[in-house]
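Below is one structure, written out as structure tokens; comments come after it.
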Amino acid sequence: MKNHAPAKKPSAGRRPWAPVIAITGGPACGKSTVGGLLAAQGVDILDTDAVVAELLEQSPTVRAALRRHFGPGIFDRAGRIKKSVLAKIVFADPARLRVLEDLLHPLVKKRVGVWRGALRRRARPGAVLIPLLFEAGITHGWSAIVCVATTPELMAARCRARGWSPQETRRRLAAQWPLARKMEQADYVIRNDGSLDNLARAVRRTWRRIEQRERTNT
């Protein structure tokens with residue numbers, strides 16, 4: 001695991017801020033579950049999957065670009081994005097996936113920056129769930145980067161439970177960094193291989209370590 005450049009220290013006389021972290025990991029590793037456990041401890045949570053969903057449904061600019069690049073077939077009769085259709089298109093063609101990422105990643109990065117800045121000003125603890133944190137280059141300015149990990153067998157079983165075929169799972173995995181590489185680059189790794197109670201203890205233990213490091217840095 002590597003230590004990434006932490007957020008800048010506050011200037012003299014300013015109120016110190018609480019930790020704001022990034023949470024990443026592989027598909028079906030439990031990022032949302034970890035986010036929920038942190039929320040129960042009073043940590044503010046931003047889920048970038050929800051940000052993407054909002055952009056897909058509510059941004060006229062994004063929707064027009066999607067229609068232009070992927071055609072009207074990705075919309076249903078009510079004008080909603082057929083996400084499963086869009087996913088099949090982009091995960092089958094790396095070039096088309098890059099088109100989608102080039103459209104969405106800058107907007108997500110901007111939203112994350114605004115949200116994180118607001119927390120810093122209020123000295124609120126926060127965590128942002130970013131599955132493609134490393135791939136999108138959103139790695140700077142965090143108190144810590146946490147990777148949620150599990151075994152390949154559990155990941156495959158959870159993907160099946162989501163209704164993903166083995167082929168779809170392989171395509172989604174191929175579209176992002178290997179989990180081992182994310183673990184190496186993260187400041188902390190939380191294993192999600194056992195019970196929810198075990199995961200909750202690991203989350204509390206990791207958060208305490210991050211708080212201690214933040215106090216040292218500030």
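The values are calculated or read from the model by the stated rules, or taken from the named source; none is laboratory data. On a predicted model such as this, the values are computed, not experimentally measured, just so you know. Note that each Cβ is placed from the backbone with ideal geometry, even for glycine, and that neighbours are counted across all protein chains shown.
Points to keep in mind about this one:
- Pick from region 133-177, criterion among the basic types (Lys, Arg) and under 21 Å from THR48 (Cα atoms), ranking: surrounded by the fewest Cβ atoms within 10 Å (Cβ to Cβ): ARG162
- Counting only residues that are more than 24 Å from THR216 (Cβ to Cβ) and part of a loop (DSSP other than H, G, I, E, B), region 19-31 holds 5 of them.
- Flag for ARG116 being among the charged types (D, E, K, R), crowded, with 17+ Cβ neighbours inside 10 Å, assigned to a helix (DSSP H, G or I) and out of contact with any Gly (no Cβ under 6 Å at 6 or more places or on another chain): yes
- Considering (1) in contact with a His (Cβ under 9 Å, 6 or more places away or on another chain); (2) under 30 Å from ARG209 (Cα atoms), the lone condition that VAL99 does not fulfil carries the number (2).
- Options ALA123, ALA127; residue that is within 14 Å of the chain's Cα centre (by Cα), more than 30 Å from ILE89 (Cβ to Cβ) and of a type in the set (A, V, I, L, M, F, W, C): ALA127
- Any hit, region 178-201, residues being closer than 24 Å to ALA92 by Cβ, exposed (fewer than 12 other Cβ atoms within 10 Å of the Cβ) and either more than 16 Å from the chain's Cα centre (by Cα) or modelled with pLDDT of 95 or more (or both): yes
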